[in-house]
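Values quoted throughout were computed directly from the atomic coordinates according to the rules given, and no laboratory measurement underlies them. Values in this document were obtained by computation on a predicted structure and should not be read as measured data. Note that each Cβ is placed from the backbone with ideal geometry, even for glycine, and that neighbours are counted across all protein chains shown.
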Amino acid sequence: METNAIETTSMPPLKEKPKGIKLFFVKLLQQRALVIMSVPFLIWLILFKYVPIWGWTIAFQDYKPALGFWDQKWIGFHHFEFLFGDDRFLRVLRNTLAMSAINLVFGFLTAIILALLLNEIRKVAFKRVVQTVSYLPHFISWVVAASIIQTTLSPDGIINELLVWFGFVNEGNEILFLGIPEYFWTIFGASSIWKDIGWNTIVYLAAMTTIDPAQYEAAEIDGANRLQKMTFITLPGIKSVVIVLLIMNIGYLLESGFEPQYLLGNGMNVDYSENIDIFVLKYGIAQSNFSLSIAAGMFKTVVSFILLFVANNVAKRMGESRLF
Amino acid sequence: MKKNKVLLLSLAAALMLSAVTACSGNNSNNTDKPTATNAATGDNGGSEPTKEKVTYTIYNGVAGSKDGNTNETTIGKMLEDQTGVNFKLEFLVGDLNTKIGTMIAANEYPDVLIPDAAMEEVMNAGAFIPLDELIEEHGPNIKRVYGNKLDQMRSADGKLYILPIAAQVGEFIPDPEAGAGFWIQRRVLEEAGYPVVKTLDQYIKLIEDYEAKHKDEKLTGLISLTHDWRFFATANPPMHLMGYPNDGNVMINGDTLEAKTYAGDEATKKWLKTLNDLNAKGLFDKASFVDNYDQYIAKLTSHNVLGFFDYKWQVDNALNVLKDAARKDPSLDKYRYFPLPITFDESITDAYIDAEGGVVTNRGIGITVSAKDPVRIIEYFDNLLKEENQILTSWGIKGETYEVNEEGRYYRTQEQIDKINEAFNEEFGFKYYSWNWPMYGANSTLSDGNAKGVAIQPEVFQMSLTEADKAILGKYGVQTYSQMFAKPVFRPWYPAWGFAKEQNSPEIMWETKKDELTKKYYPKMVLADPGKFESVWEDYMKEFGKLDTAGYEKWTTEKAKAKVEAVK
């Protein structure tokens, strides 16, 4: 509204378009309402997202909470050397990446498939029920969910009982699912999908509603069947949303979560269940070694940053929509 | 358009305002507690006209009771009448390190702080004030109760910053309940005719025989607690089986004071081999290694588990459930557990019963730099340590919560026992005064010969026994459970797990790495095919050999020797 008014009333001087710093101030004046509105959020962002970066200095200190900044002992890259010199950290890194990848790939696929299927359902009541049931687990705390999973997978749990019933295993030789390290990623992946599949579909379903119904009608007239409508209209329709979400999630690749691994992990599967966050808890926070925790956190942030840029760049080259 | 602009502007202003107020709201929440409670309540009068009534705060780093004021309880009110001081108690909710860290960062503390596991951080932060002069001037009872034990609490700079929570006074009266042991279901003992069970082999045989006779009942021979930090319930038995008390990661020789770790010892191998054999026979519940604590407790109350090793405080919930059920229906008594003094060999004397130990130096209570009037606080502590007040906080009021017979022995009538339930404990103040303060240890003897702790008093313990309890104890010719065990021996360094370790030190690193190794390899060894046990043990020893165990042992030996020296 504002710009329209100015453009219409001051047509002649438009020839000498303000440039550089002047343009900036003209724009600033024009959009002052927007600027003022964004100020609180800018303050919030600086205060909570940028100021804490100062805390990274702790990673290079032998940090003692009581001492002031200038009294801390500086020890350079000591904590980073400890991290990367420890074979445990490399194992933990592997686990983190593997579990994130599992989550990302299968979480995406299952959510999109479920969203596509739900979109095809014409009976509203049935659709609602399926949706509600599928995203209910999302609201269960991991503590409770982990207990459910543990009980299900225990030697006298339902899965073992079924296996015995069908004769796949002998009674007395029930499988200790959580005690077999190699199974952990599968269990983790499956439980994450169970918990979040419904929740993840919401955004795709929302994206699907924005697709113009005229396209479907046109396709119908052209004789497209359901599957064809799905692949040629619905999927391309939500493509941009999928890609933006994918890029954002790639940025979180080093965040494979904490609760499921912590709650389902035990001494036997530790080689596959321990991720960076648990490592930090054990060797950093639990030992009041804040410097180590921050060094690991810094590493995570830097890697996430790089990943995000790479993913965004790839999307850009492929001519897709992207974050920035 | 003008209108729109005004609207937008006011909207923006409103947003900013709400953001600002939200921020400040949080701030005041974080800070108002220490400052507000420092303020005197200003209510003059009462029995001590010279002293104005004041309220101080105590923060307790152990989650426990509800927050509240001591003067809302009967005991607390009486103490307030004596001293004019009321304490507002606040207990840990959530994560201890976060809470303490916030205090340290803000440099604002409650008047009195019990930092529990975060002691080292608080000491490093210089949060406590030295107490030496205060005690010298205002603490005759503190000096009487703690005596030279205070020297052990001194920091490296020679000053005293914390008081230990409990101190042994007078003769040591052992707890009538067993603190730890190998537990067995009573029906197993009954069927075997109440045999004397002393060794691990006898214990295992008893369980095997019972299971063999009751094949169709789907019984579990042995389960073990392994969840998270509670893993020690599975790792500690070798130490006990060798006849040592719970010194954490080490066994300390009473003569030479040499500390020796046992995680890589023959004893551990023998213990794990026993479990491995049991597992091969299908008698060990392999889910032990994946169950969490709740599942473990649930299994103990399921009636299907024949035996387990654990500390009583850890299985109290389960034991109480079984006990209550047996009270209502005596036929369920056979599912309750009975503690046994199991060792590897009959020649080994067991050490399950806690003896009078040394002072735990990495826990305690201190007055912080934020306290306005430390003198009033230390006077309160001193007053609390008077014997009459120790009786008040432990036994209560004569005629109301306890009685005295002709011989001067304290006891409780059945009526009083029934009356004193959890709600009464809270209202009367037993709950608030059961811990949180400098006090006599529960096993202390009062000057009139009675036990300080109510549960320790033999008369009270006898009252708590059911008919079935008396019967089974009678079969073994004892009056208390602890009499099943060897008489405790005084070990000045005990418990070695209480030796204060510096944060980020090699000792803590050793413990963390050892825990990780044992948590990984013990299950492997127990669940391994019996033929492969040896090779897994060798793998484990290879990994274990990489740790600086000698350094850890040396450090512990030095600490133990220093403790013994301090007692002399």
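Here B:228, B:382, A:196 are placed in order of increasing Cβ neighbour count within 10 Å, fewest first, which gives B:228, A:196, B:382. Scalar couplings 3J(HN,Hα) for segment B:227-234, obtained by applying the Karplus form with A = 6.51, B = -1.76, C = 1.60 to θ = phi - 60°, are 5, 6, 6, 7, 4, 4, 4, 9 Hz; x denotes Gly and Pro.
In terms of its alpha-carbon gyration tensor, chain B comes out prolate; a/c meets the 1.5 threshold, and the first ratio a/b outweighs b/c. The angle separating the long axis of helix B:96-106 from the principal Cα axis of greatest extent in chain B is about 30 degrees.
Along the axis of the charge dipole computed for segment A:86-317 (Cβ charges of +1 for Lys and Arg, -1 for Asp and Glu, origin at the Cα centre), the listed residues A:92, A:103, A:148 are led at the positive end by A:103. Amide H contacts for residue B:87 (H built 1.01 Å from N in the peptide plane; partners 5 or more residues away or on another chain; cut-off under 5 Å): B:56, B:70, B:71.
For the peptide B:508-516, the mean number of other protein chain Cβ atoms found within 10 angstrom of a residue's Cβ is 3.
Once a ≥ b ≥ c are taken as the square roots of the eigenvalues of the Cα gyration tensor of segment A:7-149, is the result rounded (a/c under 1.5), prolate (a/b larger than b/c) or oblate (a/b not larger than b/c)? It is oblate, given that a/c is not under 1.5 and a/b is not larger than b/c. Using modelled backbone amide H atoms (1.01 Å from N, in-plane), which distant-in-sequence or interchain residues come within less than 5 Å of residue B:261's amide H? Answer set, sorted by chain and number: B:251. In the protein assembly as shown, one over the average inverse separation of all distinct C-alpha pairs is 32.4 Å, which is the Kirkwood hydrodynamic radius.
The residues A:53, B:204, when put in order of fewest to most other Cβ atoms within 10 Å, stand as A:53, B:204.
Net charge near residue B:412, counting Lys/Arg +1 and Asp/Glu -1 over other residues with Cβ under 12 Å of its Cβ? Value of the local net charge: -2. Extension gain for residue B:144-residue B:463 works out to 111.5 nm (0.36 nm per residue, less the C-alpha to C-alpha distance). Within the same chain, lysines fewer than 8 places from residue A:239 are excluded, and of the rest, those with a Cα less than 17 Å from its Cα are A:229, A:316.
Fully extending the segment from residue B:93 to residue B:293 would add 70.0 nm, taking 0.36 nm per residue of separation and subtracting the current Cα-Cα distance. Taken as Cα centroids, segment B:119-186 and segment B:511-568 sit 30 Å apart, rounded to the nearest whole angstrom. Short-range pairs are left out: with C-alpha atoms under 8 Å and at least six residues apart, the relative contact order of chain B is 21 percent.
Along the axis of the charge dipole computed for chain B (Cβ charges of +1 for Lys and Arg, -1 for Asp and Glu, origin at the Cα centre), the listed residues B:344, B:79, B:355 are led at the positive end by B:344. With a 10 Å cut-off around each Cβ of A:260-269, the average count of Cβ atoms from other chains is 5.
Taking 23 Å as the straight-line reach from the Cα of residue B:398, the lysines in range (excluding those fewer than 8 positions away in the same chain) are B:77, B:386, B:419, B:431, B:452.
So if R0 is 25 Å, what FRET efficiency would residue B:212 and residue A:165 give, r being the distance between their Cβ atoms, rounded to the nearest 0.05?
On the way: r = 27 Å, r/R0 = 1.08.
Calculated transfer efficiency: 0.40.
Computed over neighbours whose Cβ is under 15 Å from that of residue B:330, the net charge equals +2, Lys and Arg +1, Asp and Glu -1.
Note down the relative contact order for segment B:426-478 as a percent, whole number, built from C-alpha pairs under 8 angstrom at least six residues apart.
That works out to 17 percent.
Segment residue A:23..residue A:42, full-extension length gain: 4.7 nm, with 0.36 nm per residue of separation and the alpha-carbon distance subtracted. Here segment A:86-317 is treated with +1 on each Lys and Arg Cβ and -1 on each Asp and Glu Cβ, and its dipole about the Cα centre works out to around 740 debye. Each residue in A:226, B:230, B:412 was given a count of other beta-carbon atoms within 10 angstrom of its own, and listing them fewest first yields A:226, B:230, B:412. The distance between label points at residue A:230 and residue B:455 comes to 6.3 nm (points 7 Å beyond Cα on the Cα→Cβ vector). Under a 5 Å amide H cut-off, with hydrogens placed 1.01 Å from N, residue B:402 pairs with B:397 among residues at least 5 apart or on other chains. If you take the beta carbon distance between residue A:62 and residue A:320 as r and set R0 to 51 Å, what does 1/(1 + (r/R0)^6) give as a FRET efficiency, to the nearest 0.05? It comes to 0.65. Which one of A:136, A:203, A:240 has its Cα pushed farthest toward the positive end of the charge dipole of the protein assembly as shown, where Lys and Arg give +1 and Asp and Glu give -1 at the Cβ? Among A:136, A:203, A:240, the one farthest towards the positive end of the dipole of the protein assembly as shown is A:240. Comparing A:19, A:282, A:64 in a Gaussian network model of chain A where C-alpha atoms under 10 Å apart are linked, the largest mean-square fluctuation is found at A:19. Computed from backbone phi, the HN-Hα couplings of segment B:397-402 come to 9, 4, x, 9, 10, 7 Hz, rounded to whole numbers (Karplus: 6.51 cos²θ - 1.76 cosθ + 1.60, θ = phi - 60°; Gly and Pro given as x).
With θ taken as phi - 60° and the Karplus curve 6.51 cos²θ - 1.76 cosθ + 1.60 applied, the whole-hertz 3J(HN,Hα) list for segment A:146-156 is 5, 5, 4, 5, 4, 5, 4, 8, 5, x, 9 Hz, x standing for glycine and proline. For segment A:86-317, a/c is not less than 1.5, where a ≥ b ≥ c are the root eigenvalues of the C-alpha gyration tensor, and a/b does not top b/c. That puts it in the oblate class.
Each other residue within a Cβ distance under 10 Å of residue B:69 adds +1 if Lys or Arg and -1 if Asp or Glu, for a net charge of -1. Of all lysines in the structure, those lying under 16 Å Cα to Cα from residue B:323, and not within fewer than 8 positions of it along the same chain, are B:299, B:312, B:334, B:470. What's the FRET efficiency of residue A:152 with residue A:104 using the Cβ-Cβ distance as r and R₀ = 41 Å, to the nearest 0.05? Approximately 0.95, to the nearest 0.05.
In percent, what relative contact order does chain A have, based on Cα pairs under 8 Å that are 6 or more apart in sequence?
After rounding, I find 25 percent.
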